[in-house]
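Note sheet for the following structure.
Read the figures in this text as sums done on the coordinates, not as results from a lab. Not measured: the values here are computed from a predicted model. Cβ placement follows ideal geometry from the backbone for every residue including glycine, while neighbour counts extend to all protein chains displayed.
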Amino acid sequence: MRPLALAGGTAVLATADATSWDRALVPPPAILAPVTAPGGPASRTGAAELAARTGGASRSVPAPPAITDREIRTAPVEDRRFLVPINRSGDKAPSFWVHHLFGDVSYCIYLSRYLGMDHPFYGLEQLDSDLRFTEFASIEAMAARYVAEIRQEHPDGPYVLGGASFGGILAFEMARQLTEAGQEVAHLYLVDALLPGTGAWSGVDNSVITEENQDAVTLMLIGNSASQLWKADPSLSIDELTGMTPDEAMDHITRHVVEGSPAELSPDEVHRLIRTRFALLDLNGKLLLNYEARPFARPVRTTVFHATNGFSAAENPYGMPAIGRDDSDTTNGLGTFAGDDVTVHALDADHFTIVLEDNLRAIAEVVTRTLPALTPNGPRS
């Protein structure tokens, strides 16, 4: 089933054990728990409106539940399948795109939509639809598992890989492992992926982030991302969260989103998303710090999408402070490792907004022009 992309937010009335709608609708819908009302099950809001119209004062509408679930859900690697077929149809070369730092493939769904139905498209996700994630010991180990899954789906290359930010580093390491194994990588697409250990990585000016506000900045980014997903106003600020413990800040963000959103949300589900993303950012951030890149065994045609407005631009939609970076290497440190065939496309965006819809549309246009042709034996460069 191809995801249905809608203009605005949606809500689905469903019981807790119902099938996940996360990949069926874009953006993912709010799941409303049904309550008893005259005529059958209804949402809490619908039951309240019905009671007001019918004078049904005798029927009480349940208050939103408190946060009762604070568990972090993980899944062992042997219980997981990481490859997600977003679009199996089409006669173009299939491409495989890796999740970002938060583990999900939400940006991939939009990118696939802009590429169109004739472009087979697969995502690799660390976080499943039940908000369970899998821990890996290293970037290399994660990439090796992802390579195994794409080779199981497509045993014979050449392969087309892509990724944004953290996902770009994973795609780079996957390409390195494939070429080391004698496989051909026809094209590698990297969306503002900053390679650790290079000048592009160390050139990010993080001086505005201090030990005192580091968690507040991180949780504000996560909270405002959730606020945008569920249209909760107003945005959170760093000052609002500074001085709170992470647990206090996550509770505060949950209340902010649940009370500010026009959708009827489960506090437990919102809180689970917040704490899972916080855990993944910490986990995957440490993997990046420990990663040491090595050159490809053979040159790989590589396209780099470089954000020209720094790491985070002033007045960005997530409330991040302005963070500049050294842009002297527009390949983001990847050029010396990928070989001589590297093309850079500059986009008017920062590291975070480069995966918003307008920029994904621009990225899709470049991918459409440069994607290798499909031959009987696979993609042709």
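Quick notes
- Each label was represented as a point 7 Å from its Cα along the Cα-to-Cβ direction; for Gln228 and Arg88 these points are 3.3 nm apart.
- For Ile86, distant residues with modelled amide H under 5 Å away: Phe121, Tyr122, Gly123
- Here the relative contact order of the range 90-207, from alpha carbon pairs under 8 Å that lie six or more residues apart, stands at 27 percent.
- Nearest-0.05 FRET efficiency for Ala148 and Ser202, computed from C-beta distance (R0 30 Å): 0.40
- Derived scalar couplings ³J(HN,Hα) [the range 114-122; Karplus, 6.51 cos²θ - 1.76 cosθ + 1.60; whole Hz; x for Gly, Pro]: 6, 5, x, 5, 8, 10, x, 9, 10
- Approximating the spin labels as points 7 Å out from Cα along Cα→Cβ, the Asp341-to-Asp358 distance works out to 3.4 nm.
- Using the Cβ-Cβ distance between Asp156 and Asp130 with R0 set to 35 Å, the FRET efficiency from 1/(1 + (r/R0)^6) comes to roughly 0.60.
- Per-residue ³J(HN,Hα) for the range 310-323, Karplus 6.51 cos²θ - 1.76 cosθ + 1.60, θ = phi - 60°, Hz, x for Gly and Pro: x, 5, 9, 7, 4, 6, 6, x, 9, x, 5, x, 5, 10
- When Asp215, Asp156 are arranged by Cβ crowding within 10 Å, least crowded first, meaning fewest neighbours, the order is Asp156, Asp215.
- FRET efficiency for Ile67 and Ala181, using Cβ-Cβ distance with R0 set to 41 Å, rounded to 0.05: 0.30
- Projecting label points 7 angstrom from Cα along Cα→Cβ for Thr74 and Thr370 puts them 3.7 nm apart.
- The order of Phe352, Phe133, going from fewest to most other C-beta atoms within 10 Å of their C-beta, is Phe352, Phe133.
- Evaluating 6.51 cos²θ - 1.76 cosθ + 1.60 at θ = phi - 60° for every residue in the range 179-187, the Karplus couplings come out as 5, 5, 7, x, 8, 9, 9, 6, 7 Hz, glycine and proline recorded as x.
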